[in-house]
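Trainee: Take this structure, written in structure tokens, and hold onto it; I'll ask about it next.
The values are calculated or read from the model by the stated rules, or taken from the named source; none is laboratory data. Just so you know, these numbers come straight off a predicted model, no measurement behind them. Heads up, the Cβs are rebuilt from the backbone with ideal geometry, glycines too, and the neighbour counts pull from every protein chain shown. To get the accessible areas, we keep the full protein, side chains included, count just its heavy atoms, and leave off ligands, DNA and RNA. Shrake-Rupley method; radii C 1.70, N 1.55, O 1.52, S 1.80 Å.
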Amino acid sequence: MSVLSLANVHSHYGHIHALKGISVEVNEGEIVSLIGSNGAGKSTTLRTISGMMHPSAGAITLYGKDISKMEPHAIVLAGLGHVPEGRGIFPKLTVKENLEMGAFTVTDHRLIQERMEYGFSLFPRLKERLSQYGGTLSGGEQQMLAIARGLMLDPGILMLDEPSMGLAPVLVELIFDIIKTLNDKGTTILLVEQNALMALSIAHRGYVLQTGEIVVSDTAENLKKNPLVQKAYLGMD
Amino acid sequence: MNRFLQSINARELIRPLGQMVVFSLGSAIVLSSIVLTLALGLDQTAVGLALQDKYNVSLYTYTLVNLPQVVIDGLTIGFVYAAIALGYTMVYGVLEFINFAHSEIFAVGAFVGVEILIALDHSGLLRSASLGMSYVLLTFAIISGMVAAGALAVTVERVAYRPLRGASRLVPLISAIGVSFLLQDLIRLVEGLTTGDFNRIFPSFGNFDQRLNFGKLALGETTINLGISIKSIIVIVAAMLMLMGLNYLVNATRIGKAIRAVAQDRPTASLMGINVNRIISITFLVGGLLGGAAGVLYALKFTRIDPFVGFFPGLKAFAAAVLGGIGNLTGALLGGIVLGMLETFAGSYMGVFTMGAAGSEYKDIFAFSILILVLIFRPQGLMGENVGQKA
Ligand SMILES: Nc1ncnc2c1ncn2[C@@H]1O[C@H](COP(=O)(O)OP(=O)(O)O)[C@@H](O)[C@H]1O
Ligand SMILES: [Mg+2]
């Protein structure tokens, strides 16, 4: 079943044509990876999906519903989580307040507590930092917080924008393990990465984005063997 | 009810109260010491002798005798400035934009409150009101001014600022200045058409003009009258209650947390399911409510208002917000109190200290000199930081 679908989507920043008609499909239970070099339009794709910017043309549907004209806060409520590029931690809110923000629309305190505990079970370190300001966390801890916060609304599909950026290899490993765990438990994942090797190691399928266009789409296995991908993104000749 | 009481975070109520007391006492003590030292130093000079000649009183005694009243007046206007300054600072904290129309939001609040009281006066209700009733009517006037100003602030944002949000920072600023002139003229137009009079007078009723006397303090051969007018008490207490309420809203409620989140990172806040536009509207609403109340309180204290009544208080409150650190709630409180005290001290003593060369009409120089000095030497203000942070 299709969870998220983009059909011929275009996006602009003023006169800059950042997405030139991309089509992407994400099915229930999948990890789909969007790879591409810096400036290819990966973040723009996620921003366009979550309503932070609106497509200039094309259709975006979430669970069969057209969301292309909806505002981000409404899209989030429709079941889409977005962990943005750079993590978007509120620096002057505590870890606890950051998590509470993630559940802003939830009024049931028990539910909030339950989901927070789930976050701590994934990242025990967050529990020790509960009353610390978000801005004082290390990069890895911020990424953990961003993911835990993204889960506070229990989204059906979670989009992650370069979760490995700037992290030490051990932490990258940990974050990717968690993404895999989340997926095993039923969360559909759309994963944006420059680290193509890592991304393809856990993804089922992938799309390669180049200057605003999808140039290849295939299963993760095949992408790893694709000469273009090997040359451009996996550092092989 | 019990659960409601339990959920109230007492710390968030006590802390701002403590801050207000500290800021008030602190500025009163510092400024009093300065003028008393100056008075002692100048007592035997031409300045002191001139006063002795004219009024047969030493400069030091003159300074001391007037001190209690100066402090009370300074606090009264200081709390009014603080309430207005919070409107500037809240909006700046969330949008990084200076709402220059805020002075007219204040003026509209003042006019609505005063017009309601004038209407009640004409109907005879004010004169026949019992003491308790006169407080109810005053409260009603203040709340009406708040509601009108709050609604106006929300409308102005919706109509004149929101459509310009994507534009460069200068554009909404110009729009704000335009709205400010527009509202001034609108008040003039409405007042001209309905009452034919631009100057409106706060009706005299209740016991607000009376003074409470706490007795006399004997100091050598001089005595100091200790007392405070009831209206000053009302202004200070009402402003304190509102400032505590605002502090509580921002620091201890879910909406307040959302306001802080939006101030820190607007795009990410929207990804939390927060309706950012609604939070921005609430921010303008809260600023407008405070500004409107400040308007009615200002009219209560100074009695006469005209369509330009917002200009100077608005500008000074803006200076106060910058002084405290624009975007910082505690800073607005500090800046308002300090500025109100400073200008009242200057207005009261500059005349005698300069032998009449620079009288109280020059007191505004202080507010604006401070604004300029702060902008040059400490542009982040006394307290720096912004709304995003817990006050
Ligand atoms: N806020 C912006 N304003 C103008 N152009 C932008 C903005 N953000 C991104 N772009 C441009 O859009 C293109 C795609 O950027 P982005 O989606 O951030 O790439 P990626 O995430 O793949 O590195 C780039 O050419 C970039 O310069
Ligand atoms: Mg990016």
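Trainee: What about A:Val229, is it modelled with pLDDT of 95 or more and either more than 16 Å from ligand 2 (Cβ to nearest atom) or under 21 Å from A:Leu158 (Cβ atoms) (or both)?
Mentor: no
Trainee: Restricting attention to the stretch B:101-122, does a residue exist that is over 21 Å from the mean Cα position of the chain (by Cα) and closer than 30 Å to B:Gly178 by Cβ?
Mentor: Within the stretch B:101-122, one or more residues are over 21 Å from the mean Cα position of the chain (by Cα) and closer than 30 Å to B:Gly178 by Cβ.
Trainee: Open to solvent by less than 20 Å² (accessible area, probe 1.4 Å), of a type in the set (A, V, I, L, M) and within 16 Å of ligand 1 (Cβ to nearest atom), is that true of A:Leu191?
Mentor: Answer is yes for this residue.
Trainee: Also, quick follow-up: Restricting to the stretch A:1-30, name every residue that is within 15 Å of ligand 2 (Cβ to nearest atom) and open to solvent by 10 Å² or more (accessible area, probe 1.4 Å).
Mentor: Of everything in the stretch A:1-30, those that are within 15 Å of ligand 2 (Cβ to nearest atom) and open to solvent by 10 Å² or more (accessible area, probe 1.4 Å) turn out to be A:Tyr13, A:Ile16, A:Ala18.
Trainee: Let me ask something additional. Can you work out which of the residues in the stretch B:274-289 that are open to solvent by 10 Å² or more (accessible area, probe 1.4 Å) and either on the phi > 0 side of the Ramachandran plot or touching a residue at least 24 places away in the same chain (Cβ under 8 Å) (or both) is nearest to the chain's Cα centre (by Cα)?
Mentor: This residue is B:Leu289.
Trainee: Of the residues B:Arg162, B:Arg158, only one is open to solvent by 70 Å² or more (accessible area, probe 1.4 Å) and either of a type in the set (D, E, K, R) or under 18 Å from the mean Cα position of the chain (by Cα) (or both); which? Explain how you work it out, then say what you get.
Mentor: Numbers: B:Arg162 fails: open to solvent by 70 Å² or more (accessible area, probe 1.4 Å).
Exactly one residue qualifies, and that residue is B:Arg158.
Trainee: Still on this model: Sort out which residues of the stretch A:40-59 are part of a loop (DSSP other than H, G, I, E, B) and hydroxyl-bearing (Ser, Thr, Tyr), and write them in order of number.
Mentor: Result: A:Ser50, A:Ser56.
Trainee: Continuing with the same structure: Only one of (1) farther than 19 Å from B:Val338 by Cα; (2) open to solvent by less than 20 Å² (accessible area, probe 1.4 Å) is not met by B:Ala129, so which one is it?
Mentor: Only one criterion is unmet by B:Ala129, namely (2).
Trainee: Do the conditions hold for A:Leu6, that is, is it outside any loop (DSSP other than H, G, I, E, B), of a type in the set (A, V, I, L, M) and within 14 Å of chain B (Cβ to nearest Cβ)?
Mentor: No.
Trainee: Also, quick follow-up: Do we find a residue being within 16 Å of ligand 2 (Cβ to nearest atom), modelled with pLDDT under 95, open to solvent by less than 50 Å² (accessible area, probe 1.4 Å) and more than 19 Å from B:Pro267 (Cα to Cα) anywhere in the stretch A:168-180? Spell out the reasoning first.
Mentor: Taking the stretch A:168-180 as the starting set, the residues that turn out to be within 16 Å of ligand 2 (Cβ to nearest atom) are none.
Checked the stretch A:168-180: no residue is within 16 Å of ligand 2 (Cβ to nearest atom), modelled with pLDDT under 95, open to solvent by less than 50 Å² (accessible area, probe 1.4 Å) and more than 19 Å from B:Pro267 (Cα to Cα).
Trainee: Further question: Check every one of the helices (runs of 4 or more DSSP H) wholly within the stretch A:86-153 and list those with 3 or more residues that are surrounded by 23 or more Cβ atoms within 10 Å (Cβ to Cβ) and not assigned by TED's automatic domain parsing to the domain that holds A:Lys185.
Mentor: Ranges flagged: A:95-102, A:139-150.
Trainee: Out of the residues in the stretch A:199-216 that are away from ligand 1 (no atom under 16 Å from the Cβ) and surrounded by 18 or more Cβ atoms within 10 Å (Cβ to Cβ), state the one that is modelled with the lowest pLDDT.
Mentor: A:Leu200
Trainee: Among A:Ser33, A:Ser37, which is open to solvent by 10 Å² or more (accessible area, probe 1.4 Å) and among the polar types (S, T, N, Q)?
Mentor: A:Ser37
Trainee: Considering only the stretch A:81-110, state which residues are at the interface with another protein chain (Cβ under 7 Å from one of its Cβ atoms) and among the basic types (Lys, Arg).
Mentor: The answer is A:Lys92, and nothing else.
Trainee: Of (1) surrounded by 16 or more Cβ atoms within 10 Å (Cβ to Cβ); (2) more than 14 Å from chain B (Cβ to nearest Cβ); (3) within 16 Å of ligand 1 (Cβ to nearest atom), A:Pro72 satisfies all except one. Which?
Mentor: Every listed condition holds for A:Pro72 apart from (2).
Trainee: For the stretch A:16-39, how many residues meet the condition of being within 16 Å of ligand 1 (Cβ to nearest atom) and either in a strand (DSSP E or B) or at pLDDT 95 or above (or both)?
Mentor: Number satisfying all stated conditions: 12.
Trainee: Moving to a separate point now. Keeping to the stretch B:184-207, report how many residues are within 20 Å of B:Ala141 (Cβ to Cβ) and in contact with a helix residue (DSSP H, G or I) (Cβ under 7 Å, 6 or more places away or on another chain). Let's see the steps before the verdict.
Mentor: At the first step, the residues of the stretch B:184-207 found to be within 20 Å of B:Ala141 (Cβ to Cβ) are B:187, B:190-191, B:194-195, B:197-207.
Add one more test, that the residue is in contact with a helix residue (DSSP H, G or I) (Cβ under 7 Å, 6 or more places away or on another chain), and what stays is B:187, B:197-198, B:200, B:202-203, B:205-207.
Qualifying residue count, the stretch B:184-207: 9.
Trainee: Within the stretch B:290-306, track down each residue that is surrounded by 22 or more Cβ atoms within 10 Å (Cβ to Cβ) and either within 11 Å of chain A (Cβ to nearest Cβ) or of a type in the set (Lys, Arg) (or both).
Mentor: Passing the criteria: none in range.
Trainee: Also, I was wondering about something else. Residue under question is A:Pro55, and the condition is that it be within 9 Å of chain B (Cβ to nearest Cβ) and within 16 Å of ligand 1 (Cβ to nearest atom); does it hold?
Mentor: Here the answer is no, as A:Pro55 does not meet what is asked.
Trainee: For the stretch A:40-59, what are the residues that are open to solvent by 20 Å² or more (accessible area, probe 1.4 Å) and either within 16 Å of ligand 2 (Cβ to nearest atom) or touching a Gly at 6+ places or on another chain (Cβ under 9 Å) (or both)? Lay out the reasoning, then the answer.
Mentor: The initial filter retains those residues of the stretch A:40-59 that are open to solvent by 20 Å² or more (accessible area, probe 1.4 Å), namely A:47, A:52-59.
A:Arg47, A:Met52, A:Met53, A:Ala57, A:Gly58 - these are the residues of the stretch A:40-59 that are open to solvent by 20 Å² or more (accessible area, probe 1.4 Å) and either within 16 Å of ligand 2 (Cβ to nearest atom) or touching a Gly at 6+ places or on another chain (Cβ under 9 Å) (or both).
Trainee: Is one or more of the residues making up the stretch A:60-67 within 18 Å of A:Glu213 (Cβ to Cβ), away from ligand 2 (no atom under 16 Å from the Cβ) and either modelled with pLDDT of 95 or more or assigned to a helix (DSSP H, G or I) (or both)?
Mentor: yes
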